[in-house]
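Enquirer: Handing you a structure now.
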Amino acid sequence: MFTYKAIASLNELELMVYNYIIKNTDKVMYMTIRELADVAGVSTTTILRFCKKMQCDGYSEFRIRFKLYLEHEEKPPVSFGVSEIISYFKSINNSEFDELLEQAAVEIAATSRVIFVGVGTSGALGKYSARFFSNIGKFSTYIDDPYYPINSDMYQDAVAIILSVSGETEEIIRIASQFRLHKCKLISLTNSESSTLARMADLNISYHMAPSLLEGQYNITTQIPVIYIIETIGKKLPLLIKPKH
């Protein structure tokens, strides 16, 4: 029901509806459209748009199909965030998402070097990703300092993979602009495909997980999808990298 294509088509308000539904599956099927709109903090019009993107003619049909969807779901063990992770992996279990990762792998394999860019948690993931790709045989480096001096040689025959949960971090947008200015291919991994970084990139892979902030400022949104995406792309590379003679 919640396919990757459907989730990727949601705007920010509709994504709020999706996130509320995923977190409150036991309540939603008994709610009226007005009740769901109130608790999700959106309008009933947004709810109807959401239903349409889920291939339902209206809210009544959505509730029926959602109930059937839940009845066919295997109930996961109670644990923090498990339902969201399971829902995510089910949503990407399709040829469309695999083709997106294949496209990224093809573009990466065609370049001489890969530069991972990120700050904070994304910077740590960039470091891990560069090591993972290097283990596979693809020369990769990482930048976790947004003020790191970048010379012209870095842009030549390279692809920059920029990691950012929000896709709106000022320092990340600035360094992405530098890469874009020098015609370096950009691949972004963000939580939303409507973010500034996602729209700047040649190719965006978004994972649409519920944002989670600790004390209102520390972003602890799960990065399990990012690790999965990076490792899946990496494991496609050996078949695409031409051996040197």
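The values are calculated or read from the model by the stated rules, or taken from the named source; none is laboratory data. None of the values given here were measured: they were computed from a predicted structure. Cβ sites come from the backbone with ideal geometry, for glycine too, and all protein chains shown count toward neighbours.
Enquirer: Which condition does SER134 not pass, out of (1) farther than 30 Å from LEU13 by Cβ; (2) part of a loop (DSSP other than H, G, I, E, B); (3) among the polar types (S, T, N, Q), if it passes all the others?
Expert: (2)
Enquirer: What pairs come up if the first residue lies in the range 155-178 and is under 13 Å from ALA198 (Cα atoms) and assigned by TED's automatic domain parsing to the domain that holds MET209, the second is among the charged types (D, E, K, R) and in a loop (DSSP other than H, G, I, E, B), and their beta carbons are under 9 Å apart, counting only those six or more places apart or on different chains?
Expert: Partner pairs satisfying both residue conditions: GLY167/GLU193.
Enquirer: Among the numbered conditions (1) surrounded by fewer than 19 Cβ atoms within 10 Å (Cβ to Cβ); (2) modelled with pLDDT of 85 or more; (3) hydrophobic (A, V, I, L, M, F, W, C), tell me where ILE229 comes up short.
Expert: That leaves (1) as the condition not met.
Enquirer: Outside any helix (DSSP H, G or I), in contact with an Asp or Glu (Cβ under 9 Å, 6 or more places away or on another chain) and either modelled with pLDDT of 90 or more or within 28 Å of GLU171 (Cβ to Cβ) (or both): which single residue out of VAL114, VAL119 fits that description?
Expert: VAL119
Enquirer: Of the residues GLU171, GLU84, which is surrounded by 15 or more Cβ atoms within 10 Å (Cβ to Cβ), among the acidic types (Asp, Glu), in a helix (DSSP H, G or I) and within 21 Å of the chain's Cα centre (by Cα)?
Expert: From the options GLU171, GLU84, the qualifying one is GLU84.
Enquirer: Do we find a residue being among the acidic types (Asp, Glu) and under 18 Å from HIS208 (Cα atoms) anywhere in the range 103-110?
Expert: No - not one qualifying residue is present in the range 103-110.
Enquirer: Given the criteria under 27 Å from ALA8 (Cα atoms), of a type in the set (A, V, I, L, M) and surrounded by 13 or more Cβ atoms within 10 Å (Cβ to Cβ), does ILE108 qualify?
Expert: Criteria met by ILE108.
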